[in-house]
Amino acid sequence: MDPELEAFLPMFPVSDLSDPVAARAKLAGVIASVPPPDTSELEVEDHLVPADPPVPVRVYRPPHARGAVVWLHGGGFVMGDVHTEHPWAARLADSSGETVISVGYRLAPEHPFPAAFDDAYAVLAWAAQNADQLGIDPGRIAVGGHSAGGGIAAAVALRARDEQRLPVCFQLLNQPALDDRQESWSARTFTDTPWWNRAKSTAAWAHYLGGAPASPYAAPARAADLTGLPPAYIATAELCPNRDEDIAYALRLLQANVPVELHQWSGTFHGSHALISAEISQRQNAELAGALRRALAG
């Protein structure tokens, strides 16, 4: 592990997902200790996207932004909202110079698949339909997210390709949760890694699927055909259960003639990019912002 990251380990609460309500409270407590982002250069607006039920979003618009990313927070499908994602969404918008539409999707287990997936897709449709009001080019809309949110973003890209109704120009996937089967070496082996491990991943997928079989829209690694998907940036952490499924997905995209930039961050663990004072975390976040900026520059 990167020595600088190791020094932060005591700040991560010991928790599991057996009690989602308690896990959400612990996550909110951790986020409350994070220094607030500087939003002085951003227009920040809260909206309710018309859907059943309406989906809360927080829009971060930098000056002169031309594109946007529909951004899905992490949290194992059971934690997080636009408030806990605020530090990262604001920094992504500020660093990339592009609009970030942070989605407060419904959480499992109260709302299993396809609730979060449907919410994310509804926000993508809303962004495309309201591009003029949002000040964005409808041809420069990306999807992206951390962890569970990255998996939902990849699934939204699959649906957009299948329906050929909504344009998605790019996928920004940071340590995405893509495969419920957990058969990779990293998924089987990382049982005691910081913050995220096999037991938590197993619980997260159980909550999200609610006992139903997984479809490719729930677990994108199950998709048989990846041709025609938008270009992707995929970041993985060395000590992350999702690592190998993410690398395998990147390779399959490449074999399907989809342009991919893959960055494997050595010495990092799942979610360590959130430690914004660590040098390697600053590099991770700068790369995410840079990848989004390049993709939406046209």
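The values are calculated or read from the model by the stated rules, or taken from the named source; none is laboratory data. In this text the structure is predicted, and so the values were computed from the model without any measurement. A quick note on method: Cβ atoms are made from the backbone with ideal geometry, for glycine too, and the neighbour counts reach across all protein chains shown.
Assess whether Leu107 counts as being assigned to a loop (DSSP other than H, G, I, E, B), in contact (Cβ under 8 Å) with a residue 24 or more places away in the chain and under 30 Å from Leu17 (Cα atoms). For Leu107, the condition - assigned to a loop (DSSP other than H, G, I, E, B), in contact (Cβ under 8 Å) with a residue 24 or more places away in the chain and under 30 Å from Leu17 (Cα atoms) - is met.
Here region 165-186 is the region considered, the condition is being within 16 Å of Gln264 (Cβ to Cβ) and in contact with a Pro (Cβ under 9 Å, 6 or more places away or on another chain), and the residue that is surrounded by the fewest Cβ atoms within 10 Å (Cβ to Cβ) is Ser184. Apart from one condition, Ala289 fits all of (1) touching a strand residue (DSSP E or B) at 6+ places or on another chain (Cβ under 7 Å); (2) farther than 22 Å from Asn197 by Cβ; (3) touching a residue at least 40 places away in the same chain (Cβ under 8 Å); (4) aliphatic (A, V, I, L, M); the exception is (1).
Within region 6-33, restricting attention to residues that are surrounded by 15 or more Cβ atoms within 10 Å (Cβ to Cβ) and in contact (Cβ under 8 Å) with a residue 40 or more places away in the chain, the residue that is farthest from Ser281 (Cα to Cα) is Pro20.
If the condition is being within 20 Å of the chain's Cα centre (by Cα) and either crowded, with 22+ Cβ neighbours inside 10 Å or at pLDDT below 95 (or both), then region 60-69 contributes Tyr60, Gly67, Ala68, Val69.
When the residues of region 170-207 are filtered to those that are touching an Asp or Glu at 6+ places or on another chain (Cβ under 8 Å) and assigned to a helix (DSSP H, G or I), the one that is nearest to Ala148 (Cα to Cα) is Trp205.
In contact with a Phe, Trp or Tyr (Cβ under 6 Å, 6 or more places away or on another chain), assigned to a helix (DSSP H, G or I) and hydrophobic (A, V, I, L, M, F, W, C) - does that describe any residue in region 125-148? Yes, region 125-148 has at least one match.
When Ala108, Ala93 are checked against the criterion of being touching a strand residue (DSSP E or B) at 6+ places or on another chain (Cβ under 7 Å), farther than 15 Å from Ala274 by Cα and of a type outside the set (Lys, Arg), a single residue qualifies: Ala93. Tell me, which residue of region 112-157 that is within 17 Å of Ala214 (Cα to Cα), over 15 Å from the mean Cα position of the chain (by Cα) and among the hydrophobic types (A, V, I, L, M, F, W, C) is surrounded by the most Cβ atoms within 10 Å (Cβ to Cβ)? Residue satisfying both the conditions and the ranking: Phe113. Looking only at residues of region 18-27 that are assigned to a helix (DSSP H, G or I) and at pLDDT 90 or above, we find that the one that is farthest from Ala204 (Cα to Cα) is Ala25.
Okay, residues lined up against (1) under 17 Å from the mean Cα position of the chain (by Cα); (2) surrounded by fewer than 21 Cβ atoms within 10 Å (Cβ to Cβ); (3) within 20 Å of Ser184 (Cα to Cα):
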residue: Ala221; (1), (2), (3): yes, no, yes
residue: Pro241; (1), (2), (3): yes, no, yes
residue: Ala248; (1), (2), (3): no, yes, yes
residue: Asn257; (1), (2), (3): no, yes, no
residue: Glu261; (1), (2), (3): yes, yes, no
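In region 34-59, which residue that is in a strand (DSSP E or B) and of a type in the set (Val, Ile, Thr) is surrounded by the most Cβ atoms within 10 Å (Cβ to Cβ)? If we take residues in region 34-59 being in a strand (DSSP E or B) and of a type in the set (Val, Ile, Thr), then Val57 is surrounded by the most Cβ atoms within 10 Å (Cβ to Cβ).
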